[in-house]
Structure formats: structure tokens, C-alpha cells
Amino acid sequence: MKLYDGGRAPNPRRVTVFLKEKGIEVEIVPVDMNTLGHKAPELTAKNPLQRLPILELDDGTVLCESVAICRYFEELQPDPPLFGIDAKDRAIVEMWNRRAELIYLTAVAAAFRHIHPAMVSWEVPQVPEWGEVNKPKAVEFLRFLNDELAGRPYVAGQRYTIADITTMIAFDFMKPARITCPDEFTHVWRWYREVASRPSAAL
């Protein structure tokens, strides 16, 4: 199989971190998103939405969307479990991963895509006002998460999961989006320093 990878972009990086945590090695096909390599005809044929990552299986099946790809690898190699260990735990992990993705990462991405000068030709139309509106949304999620992390070590509970991966990716993405996590969110900072120190987080 081949993984068409977009490097440090948030969604490709989610899969990269996940694979490192699993100890799974896959043939990587680097794609330069800065030169719009993800929009090349070959990749457009694989994913008409022109987004990365793309996992192409040996039988020609193409899987897109980072969480779907991660779920595929979770089924192939259940240990360590990154989506939960039983019905209740999997539901809790799913809940927190969805919150991190749909509320937090979405807000950070909107701020970046609608404000950063490098995204003018990508986000058409670029609406700076929408980008600015999303900055406080990201911070408010961190305020909520800070209260939650006062009582547990990781986003979804006592173990590191894909919810931590998604949240860490969003946290790192705040820098180019020009959003700052307040120093007063001490539990978020404690959590972030721990997850960012894992070997899988190295860029």
C-alpha cells in the first residue's frame, strides 16, 4: 500500500503521528502541497476533493480522510488501542475526537485559511472577518478543555488516544493561525507538553 502524504499539514500529520504510535511503517509518497501537488491530475483521480492524505491499498482501493485511514490501521493492528478498549471507552474517545475536530481544529483552520496571506489562492473567497471570528472560538474550546484536564491526564481519559492526536495537531496549528493559548490554562499546557514530548510528535 502507499500513503500519499502532505507533510506538516494537519490532516496528513494526524495519520503520521498515529502510525508512529502504532509502530506501523507504510510506503510514503511525499506530496508538495505548497506547489499544489495535491491538485495534480494523478491525485485528483484518486481523490476528486483534492485533499490529503490518501491511502491506496494493494487491491487499488483508495481511502481518504485522516480518521478513516486511522480506523483502518486500528483494525489491522489493535494494539496499542487508540480508539478505545470497549464499547463505552470507544464512545468516549469518539466524542472527544469529534469535539476536538469539529469545534477546535475547525476553528483554528478557519482562522489560518481566512487570514494567512499564503492562503489567498487556496481559500476563495478568503474572508478575513470569518478568520478573526474563529480565533476566540478556539480559545474558548481550550478554556473548556482546561477545566476537563484538571481531572484526568489525557483528553479522553486515562490513556493516550486519537483524541490527543487531533487536539495536539490543532494546538500546533494555532501558531501559523496566530492564536495563542493563555498561560492561565495550566492543565492544557501540562497536557500539551506531555503529548508533544512523545517521539511520535516529532516533526
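Do any residues in segment 8-29 that are not assigned by the TED database to the domain that holds LYS46 have Cβ atoms under 7 Å from those of residues that are not β-branched (Val, Ile, Thr), where the two are at least six apart or on different chains, and which pairs are they?
Cβ pairs passing all conditions: none.
Hey, can you tell me all the residues within segment 133-143 that are within 15 Å of THR106 (Cβ to Cβ) and open to solvent by 50 Å² or more (accessible area, probe 1.4 Å)?
Passing the criteria: VAL133, PRO136, LYS137, GLU140.
State the number of residues belonging to segment 44-64 that are assigned to a loop (DSSP other than H, G, I, E, B), touching a residue at least 40 places away in the same chain (Cβ under 8 Å) and out of contact with any Gly (no Cβ under 9 Å at 6 or more places or on another chain).
Count: 2.
From the list ASP164, ASP147, which residue is free of Cβ contacts under 8 Å to residues at least 60 places away in the same chain and touching a strand residue (DSSP E or B) at 6+ places or on another chain (Cβ under 8 Å)?
None of the others qualify; the one that does is ASP164.
Given the conditions (1) touching a Gly at 6+ places or on another chain (Cβ under 8 Å); (2) acidic (Asp, Glu); (3) not in a helix (DSSP H, G or I), report the number of the one that ASP183 does not fulfil.
If we test ASP183 against (1) touching a Gly at 6+ places or on another chain (Cβ under 8 Å); (2) acidic (Asp, Glu); (3) not in a helix (DSSP H, G or I), just (1) comes out false.
Go through segment 75-113 and give me each residue that's outside any loop (DSSP other than H, G, I, E, B), of a type outside the set (A, V, I, L, M) and open to solvent by less than 20 Å² (accessible area, probe 1.4 Å).
Within segment 75-113, TRP96, ASN97, TYR104 meet the criteria.
Among the listed residues TYR104, TYR72, which satisfies the condition of being without any contact (Cβ under 8 Å) to a residue 40 or more places away in the chain and of a type outside the set (S, T, N, Q)?
TYR72
Taking segment 114-132 as the search range and keeping residues that are part of a helix (DSSP H, G or I) and hydrophobic (A, V, I, L, M, F, W, C), which one is least open to solvent (accessible area, probe 1.4 Å)?
So the residue we want is MET119.
Of the residues ALA201, ALA170, ALA138, which single one is closer than 15 Å to ALA100 by Cβ, of a type outside the set (Phe, Trp, Tyr) and touching a residue at least 60 places away in the same chain (Cβ under 8 Å)?
ALA170
Looking only at segment 144-157, how many residues end up being over 15 Å from TYR104 (Cα atoms), surrounded by 14 or more Cβ atoms within 10 Å (Cβ to Cβ) and over 17 Å from the mean Cα position of the chain (by Cα)?
3
The values are calculated or read from the model by the stated rules, or taken from the named source; none is laboratory data. In this text the structure is predicted, and so the values were computed from the model without any measurement. When we count neighbours, we look across all protein chains shown, and the Cβ atoms used for this are built from the backbone with ideal geometry, even at glycine. The protein model used for the area step is the full one, side chains on, heavy atoms only, and it has no ligands, DNA or RNA in it. Shrake-Rupley method; radii C 1.70, N 1.55, O 1.52, S 1.80 Å.
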